[in-house]
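This report concerns only the one structure given below.
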Amino acid sequence: ILDYLSRNFKFADVLNDKVTRISNSNQNFNIYQIASDYLKNNRMIFVVLPTLFDAQTYYDGLLNLVCEDDVLFYPVDEMVTASLLIASNEFKFERISTIISMLEDKPRIVVTNVNGILRGILPFKKWRENIFKLEVGKNYDLKDIKRKLVEFGYKNVSVVGKSGEFSVRGSIIDYFPINSLDPVRLDFFDDELDTIKTFDVNTQLSKLRIKEAKIFPIVEL
């Protein structure tokens, strides 16, 4: 469909313009237009919609046209009384996950509502400075890692079950990043990081062995 539309004169003409105002269009046309622009020009695109509902609709529509990793969602609650302390954790994790993905400097489509554009965030430089990287074979102080997890907003629990949690059992530290489908297990031999693995949250069994892991903040300020 996108290939056909890109060959259409009017549709292709819009893609070639640097600044374009389109009127009398509809939602489906706009979504196809955005997807075509992204796939053809491979550039960062910010899609700003009037409401959170509209933003969710466009986000879902774009997921049907481009790869899931290429579309990011930055939702902000529209309630005037919402504050940082009572705002939805689900929305907060989604926003932080989007920021983490944007740190990769890869062209993507970012969908948000008006409140998302008005909301201030820390400079990307600050986010990059607060990434804690862990590598197999290197020495770390387990107390420092625990303290870092707490500072970054992770909740200490007995068994990790959802995003934003961590647990400590002897020389093993489990934590569940918000930008991952699986939690991560850090297994130490004395101060040396012996292995890093992802594991199944239900069975607690190891899945994939990896050489390095990153801990990102899960608080916005």
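Note: relative contact order over the chain, using C-alpha pairs below 8 Å and six or more positions apart, is 16 percent. Phi angles of the range 95-102 translate, via the Karplus equation with coefficients 6.51, -1.76, 1.60 and θ = phi - 60°, into HN-Hα couplings of 5, 5, 4, 5, 4, 4, 5, 5 Hz per residue; Gly and Pro are given as x. Across the range 58-167, C-alpha contacts under 8 Å between residues 6 or more apart give a mean separation that, scaled by the residue count, equals a relative contact order of 22 percent. Think of each Lys and Arg Cβ as +1 and each Asp and Glu Cβ as -1; about the Cα centre, that makes the dipole of the chain roughly 340 debye. The loop-placed trypsin sites (Lys or Arg not before Pro) in the range 127-221, going by DSSP, that have at most 16 neighbouring Cβ atoms within 10 Å of their Cβ come out as LYS138, LYS162, LYS211.
Taking a point 7 Å from the Cα of ASP194 along the Cα-to-Cβ direction, the residues of the range 156-171 with backbone N closer than 19 Å to it are 167-171. Ordering ASN30, LEU118, THR51 by the projection of their Cα atoms onto the charge dipole of the range 26-126, which places +1 on the Cβ of Lys and Arg and -1 on the Cβ of Asp and Glu, puts LEU118 at the extreme positive end. The accessible surface of the chain, taken with every protein chain in place and a 1.4 Å probe, is 52 percent carbon and sulfur. Within 10 Å of each candidate Cβ there may be at most 13 other Cβ atoms; applying that plus a DSSP loop requirement, which GluC sites (Glu not before Pro) in the range 98-136 survive? Of the GluC sites (Glu not before Pro), the ones in loops of the range 98-136 whose Cβ has at most 13 other Cβ atoms within 10 Å are GLU104. PRE reach from SER206 (point 7 Å along Cα→Cβ): which of the range 152-171 fall under 13 Å by backbone N? So the set is empty, nothing qualifies. Taking a sphere under 14 Å around the Cβ of PHE93 and counting the other residues whose Cβ falls inside, with K and R at +1 and D and E at -1, yields a net charge of -1. Tell me the angle of helix 52-63 to the major Cα principal axis of the chain, expressed in degrees between 0 and 90 and rounded to the nearest ten. For helix 52-63, the angle is close to 90 degrees. Per-residue Karplus couplings for the range 179-194, computed as 6.51 cos²θ - 1.76 cosθ + 1.60 with θ equal to phi - 60°, are listed in order as 9, 9, 7, 10, x, 10, 10, 9, 10, 9, 10, 6, 9, 8, 6, 7 Hz, Gly and Pro entered as x. In the chain, a dipole from Cβ-located charges (positive for Lys and Arg, negative for Asp and Glu) runs towards its positive end, and of LEU134, LEU39, VAL71 it is LEU39 whose Cα lies farthest in that direction.
For the range 174-221, just say rounded, prolate or oblate: build the C-alpha gyration tensor, square-root its eigenvalues into a ≥ b ≥ c, call rounded for a/c under 1.5, and beyond that prolate if a/b exceeds b/c, oblate if not. It is oblate, given that a/c is not under 1.5 and a/b is not larger than b/c. Solvent-accessible surface of the chain, averaged per residue with a 1.4 angstrom probe and all protein chains in place: 60 square angstrom. Rounded to the nearest Hz, the phi-derived 3J(HN,Hα) couplings of the range 206-221 under the Karplus curve 6.51 cos²θ - 1.76 cosθ + 1.60 (θ = phi - 60°) are 5, 10, 10, 8, 10, 8, 8, 9, 10, 10, 9, x, 10, 10, 7, 10, where x marks glycine and proline. In the neighborhood of LEU52, defined by Cβ-to-Cβ distances under 13 Å, what is the net charge if each Lys or Arg adds +1 and each Asp or Glu adds -1? Its environment carries a net charge of -4.
For VAL47, the amide hydrogen comes within under 5 Å of the amide hydrogens of VAL110, VAL111, THR112, counting only partners 5 or more places away or on other chains and with H modelled in the peptide plane. Rounded to 0.05, the FRET efficiency of the ASN28 and ASN179 pair, given R0 = 22 Å and the Cβ-Cβ distance, is 0.15. Just list whichever of LYS126/LYS162; LYS40/LYS148; LYS40/LYS162; LYS106/LYS143; LYS155/LYS207; LYS40/LYS197 have alpha carbons separated by over 31 Å in the model shown. Long pairs (Cα-Cα over 31 Å): LYS40/LYS148; LYS40/LYS162; LYS106/LYS143; LYS40/LYS197.
The values are calculated or read from the model by the stated rules, or taken from the named source; none is laboratory data. Owing to the predicted nature of the structure, the values given are computational and were not obtained by experimental measurement. Every residue, glycine among them, receives a Cβ derived from its backbone with ideal geometry; neighbour counts consider all protein chains shown. Accessible surface areas use protein heavy atoms only, side chains included; no ligands, DNA or RNA. Shrake-Rupley method; radii C 1.70, N 1.55, O 1.52, S 1.80 Å.
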